[in-house]
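Single-structure report; data block below.
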Amino acid sequence: MVKSRYFEESVKQAYLEGKQPLFNMAKGPIPGEMHLSNGQEPCAAGVCAHLRPGDFVTATHRPHHVAIAKGVDLKAMAAEIFGKMPGLSGGRGGHMHLFDPDVNFSCSGIIGQGMGPALGAAVARQMRGDEHVAISFIGEGAANQGAFHESLNLAAIWNAPVVFVIEDNSYGISVAKKDCTAIEKNSDRASAYGISGVFVPGNDPDAVYDAAGDAVSRARRGGGPSLIEVETYRLEGHFMGDAEQYRPKGEVERLMGIDPIPIYRRRLADAGVDSALLEAADARAKKNVDEAIQFARTAPAPEASDAFEKVFT
Amino acid sequence: MHLRKCLLNRIVAKEDEKLKNKAERRLTIAKAMSEAIAQAMDADQRVLVMGEDIGKLGGVFGTTQGLLEKYGPERVRDTPISETAFIGAAVGMAASGMRPIVELMFVDFFGVCMDAIYNLAAKQSYFSGGRVKCPLVIMTSVGGGYGDAGQHSQCLYATFAHLPGMKVVIPSNAYDAKGLMTAAIRDENPTIFMFHKALQGMGWLGTEPRAITSVPQELYEVPLNKAAVVRTGRDITLVGFGVTLHHALDAAEALAVDGIEAEVIDLRALAPIDRETVRRSVAKTGRLVVVDDDYKSCGISAEIIAMVCEDPQAKLRSAPTRVTHPDIPVPFSPVMERAILPTASKVEVSARNAVRGFE
């Protein structure tokens, strides 16, 4: 969680270079949209703690926390975000399209798109007869997509070893969940497909860990798919540059007050975890991230002609 | 002398045997597709088939006949009517080492699942710097002419050929169907395998006899990027593919009666298009008619004409023309549909005008 947070803060800093005082998305070392995951770390950490490199994960347009939790190569990922040659795809994909086959991770800029591939990857693992599973992270907005309902049904009838994890940060860009979703908890929709559905309140990594543990072990032992909805918060806008006028007054301040990272740090300290251990974890995360960002900044840019490569393999 | 006669007899007997085998092996496109898939499944455990009604029914257009019985429900998966989910699932399977073949029953249905095709399957390689493979075949029926109206009769070749990251092919006969299918299954990239309903050889859809050809028993490949010159001629080039190839061939036969020698090209591959073969032919004939049963504007026919006009070697003796479906939905009434679809006589008229115009 701390590595992810520090990574996002470092990316944010680099992203804003050249974009102030006048915000121009094309300027600076990182162009394009930037969706940061600050605040949503418990979803990624709590689920991915159960995963092995051979487990398959798809994430959303807001992918960094999940990628880091799944073990994606941090330097190659940072270089991709900076559009550099040693990036995961050599700068062809950027921050919304991170693919690392070494740890079976991918993400997409299209809402709900990763659900089908995750269930297919799960079926492939089922057919091979090993115990690997697939996880598809989606936002709460994706639960209103056709892909969501089609995938839940198909996963259920094929008993696929897949877990669908909804990161409910309560906004689809500017539209609140309560204004666009017919029911309060999307996890209730699992019952329509005869599978387990659990709502995890409180943006709590331990509670996510427990719920994911049940779902992942059920999938591993052939018990079929599950749906988990995690109540979480994004502490930043939908994307960098978002004026966030849709938020009620005082919401950001309130959310900052329940930032999961200091809360969890206190919980660990209260449980008797040595503060030196926590500081060492912080220092390690900072060092890894600093090295990755430095690597990305100094890495060579791709050749323009590289754009014509890798359309096919 | 006797020895020569014996040898000759043996050669003749061998040829007879070959012909006999050939005669026994005349297949429809539907049978050729099924056979290619079955043999690919025998050769490679990673190959599986998914789609609507491809199990017990054997595919609405006969593309998966006998597969469920032979390979069982794990490798031959009937799906719910959920194209987004099962085409998406196929991409996840392909990324996980399988080689899925998926049927999208009618190409017209792409509207409910295009994201999984052009934004997902077609970009796996690019977004991963070539590290994630997507060996996926999507086979889909195209074409009208049998009164199925505007949501079950479209071709949409250009819609798919326009988008990078996918190969798009369409056979005009059973030999090519088996070879293209085999090549598509073995390819590491997503391939849209289109098959024209009018050529499928399903009794209830009518049959083009020329599409039923002799097909070798063994697996073989027809390249996914090569057109074929199926008739040579000096006066005009006729370009077709799928059913329109047969319109072009019929027209060429009619033109030949009057001494007009048409060269006929079967494109076979719509993406990438074999520009070289088309340009070489037009450089020789100087005249071009393209036949395409897809909508006219921004289509394959426009691309063919443009690539010829862009060729500095082309010495055009008449303006290139095209015979296409007009820019309207496919009408239901046979009176209207017959009138608007490309036909051999329309191709013949265009060709005669092209030749006559510069005499």
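The values are calculated or read from the model by the stated rules, or taken from the named source; none is laboratory data. These numbers come from a predicted model, not from an experiment. Quick reminder, even Gly has a Cβ in these numbers, built from the backbone with ideal geometry, and neighbours come from all protein chains shown.
Quick notes on this structure:
Conditions (1) away from chain B (no Cβ under 14 Å); (2) in a loop (DSSP other than H, G, I, E, B); (3) of a type in the set (D, E, K, R), marked per residue:
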| position | (1), (2), (3) |
| --- | --- |
| A:R218 | yes, no, yes |
| A:L227 | yes, no, no |
| A:R234 | yes, yes, yes |
| A:Y246 | yes, yes, no |
| A:Q294 | yes, no, no |
| A:K310 | no, yes, yes |
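- Of everything listed in (1) within 30 Å of B:A90 (Cα to Cα); (2) surrounded by fewer than 18 Cβ atoms within 10 Å (Cβ to Cβ), the single unmet condition for B:G143 is (2).
- Flag for A:G213 being exposed (fewer than 15 other Cβ atoms within 10 Å of the Cβ), under 23 Å from the mean Cα position of the chain (by Cα) and over 30 Å from A:M25 (Cα atoms): yes
For every residue, the table says whether it meets (1) under 20 Å from the mean Cα position of the chain (by Cα); (2) surrounded by 18 or more Cβ atoms within 10 Å (Cβ to Cβ); (3) of a type in the set (K, R).
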| position | (1), (2), (3) |
| --- | --- |
| B:Q45 | no, no, no |
| B:E52 | no, yes, no |
| B:L67 | no, yes, no |
| B:R75 | no, yes, yes |
| B:I87 | no, yes, no |
| B:D108 | yes, yes, no |
| B:V112 | no, no, no |
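- Candidate set: the range A:176-191, residues that are in contact with a helix residue (DSSP H, G or I) (Cβ under 8 Å, 6 or more places away or on another chain) and touching a residue at least 24 places away in the same chain (Cβ under 8 Å); chosen: the one nearest to A:S226 (Cα to Cα): A:A190
- Taken over the range A:105-127, the residue count meeting the criterion of being more than 26 Å from A:H238 (Cα to Cα) and either touching a Phe, Trp or Tyr at 6+ places or on another chain (Cβ under 6 Å) or facing another protein chain (nearest Cβ under 8 Å) (or both) is 8.
- Listing of strands (runs of 3 or more DSSP E) fully contained in the range B:222-290 that carry 1 or more residues being farther than 16 Å from B:V308 by Cβ: B:228-231, B:262-266, B:269-271
- All positions within the range B:129-147 that are in contact with a Phe, Trp or Tyr (Cβ under 8 Å, 6 or more places away or on another chain) and more than 10 Å from chain A (Cβ to nearest Cβ): B:V137, B:I138, B:M139, B:T140, B:S141, B:V142, B:G147
- Residues within the range B:81-101 that are under 16 Å from B:C113 (Cα atoms), at the interface with chain A (Cβ under 7 Å from one of its Cβ atoms) and not hydrophobic (A, V, I, L, M, F, W, C), tallied: 4
- Residue in the range B:311-322 that is at pLDDT 95 or above and part of a helix (DSSP H, G or I) present: no
- Residue in the range A:289-300 that is of a type in the set (F, W, Y) and surrounded by 12 or more Cβ atoms within 10 Å (Cβ to Cβ) present: yes
- Some residue of the range A:198-208 being of a type outside the set (A, V, I, L, M), surrounded by fewer than 24 Cβ atoms within 10 Å (Cβ to Cβ), within 14 Å of chain B (Cβ to nearest Cβ) and in contact (Cβ under 8 Å) with a residue 24 or more places away in the chain: no
- Across the range B:275-295, not a single residue is classified as assigned by TED's automatic domain parsing to the domain that holds B:E348, of a type in the set (S, T, N, Q) and modelled with pLDDT under 95.
- Looking across the range B:337-353, just one residue is among the hydrophobic types (A, V, I, L, M, F, W, C) and exposed (fewer than 13 other Cβ atoms within 10 Å of the Cβ), and that is B:A339.
- Whichever residue in the range B:114-128 is at the interface with chain A (Cβ under 7 Å from one of its Cβ atoms) and without any contact (Cβ under 8 Å) to a residue 60 or more places away in the chain and, among such residues, is surrounded by the fewest Cβ atoms within 10 Å (Cβ to Cβ): B:N119
- Any hit, the range A:53-68, residues being away from chain B (no Cβ under 14 Å), of a type outside the set (S, T, Y) and farther than 18 Å from A:N169 by Cα: yes
- A:A143, sole failed condition from (1) touching a helix residue (DSSP H, G or I) at 6+ places or on another chain (Cβ under 7 Å); (2) facing another protein chain (nearest Cβ under 8 Å); (3) among the small types (G, A, S); (4) touching a residue at least 40 places away in the same chain (Cβ under 8 Å): (2)
- For A:F99, the conditions (1) in contact (Cβ under 8 Å) with a residue 12 or more places away in the chain; (2) under 15 Å from the mean Cα position of the chain (by Cα); (3) at the interface with chain B (Cβ under 9 Å from one of its Cβ atoms) all hold with the exception of (1).
- Residues of the range A:169-197 that turn out to be farther than 19 Å from A:I110 by Cβ and not in a loop (DSSP other than H, G, I, E, B), as a count: 13
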